[in-house]
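Every number in this text was worked out from the coordinates using simple rules, so none of it is lab data. This is a predicted model, so every value here is computed, not measured. A quick note on method: Cβ atoms are made from the backbone with ideal geometry, for glycine too, and the neighbour counts reach across all protein chains shown.
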Amino acid sequence: MIPHLSSDQLSEYILGQPSLLVARHIQDCPVCRAELVQFRETLGEFRGAVRAWSEAEADQALVISDSIPESRSWTVSQQLTLALLIAAVCVIASFVMPRRGGESAAGADAVLLNQVDVQVSRTAPSSMEPLMKLVQE
């Protein structure tokens, strides 16, 4: 006979996956059988609490959704009016907003490319340049 069952073995029994030895032990041992009954009752209470909670949450969600007023659907003329208004704002904004000069952007690009070129064309990192001067002399 095996010693009393562990909680894992009791769980397997409740799930319907017990080994033959565990099933036989449950039949023979009143202590393990009582623990199994208590475990089933606890699971039943938990199941009942979860169902009650979910029903309360569902009822509350229904109350909240009933209190939200129905949204009106937009008619085609309202949608067209809004689209024309947005287009007009975009056209006006394109004339009002200051434009960046193309020459200043090209100049900034040239400066950036020169900086990249200087960094890439170095034979040694800037921190190593004093050592390079010693080697060349």
Contour minus Cα-Cα distance for residue 108 and residue 78 (0.36 nm per residue): 6.2 nm
For segment 7-67, size of Cβ-based charge dipole, Lys and Arg +1, Asp and Glu -1, in debye: 340 debye
Inter-label distance for residue 4 and residue 115, nm, one decimal - labels placed 7 Å from Cα along Cα-to-Cβ: 7.5 nm
